[in-house]
Amino acid sequence: MSQVYHCNDSIVIRSQALSDKQVADACIMLIAKELYFHRVFATKGKPVAEDNNNTMRANVYHNRDEFVKYATAHFTMPTNNGGMYLEGYPGQTGLN
């Protein structure tokens, strides 16, 4: 992914071909969702117990063909879907 955008300290968007406006819009939406999550679950902005992830990374592929081409290699996951949320290993430190 050639483009890397830091929306804030906890959200990163990696992409192939987003415009500046698309990135700005995505950051606004993701930050709002993050705030909503913390408000609903009363987390005070902290991860849940034993979750050592400190950032959420969104990978945005240019199109479906690019998703199919790269997502399996990047994440060892199926690509017969519209995308996936992958947590990784939240119980381990230093992996995100």
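Taken together, the values in this text are just the output of simple stated rules run on the coordinates, not laboratory data. Source: prediction; values computed, not measured. Cβ placement follows ideal geometry from the backbone for every residue including glycine, while neighbour counts extend to all protein chains displayed.
Say a paramagnetic label sat at a point 7 Å from the Cα of ASP51, along Cα to Cβ; which residues of the stretch 1-29 have their backbone N under 15 Å from it? 10-12, by backbone N distance to the label point.
Quick one: angle between helix 20-40 and the longest Cα principal axis of the chain, in degrees between 0 and 90, rounded to 10, please. Orientation of helix 20-40: about 30 degrees from the principal axis. Within the chain, antiparallel bridges make up roughly 45 percent of the DSSP beta bridges whose residues both belong there.
Calculated FRET efficiency, LYS21 to ASP65, Cβ-Cβ distance, R0 = 35 Å: about 0.90 to the nearest 0.05.
Among residues other than GLN3 with Cβ under 11 Å from its Cβ, the summed charge is 0 (Lys and Arg +1, Asp and Glu -1).
Local charge for LYS46 was computed over the other residues whose Cβ lies under 14 Å away, with Lys and Arg +1 and Asp and Glu -1, and equals -2. Once mean projected area of the Cα convex hull in nm² is calculated for the structure shown, the corresponding label among (1) 7.7; (2) 6.8; (3) 5.7 turns out to be (2).
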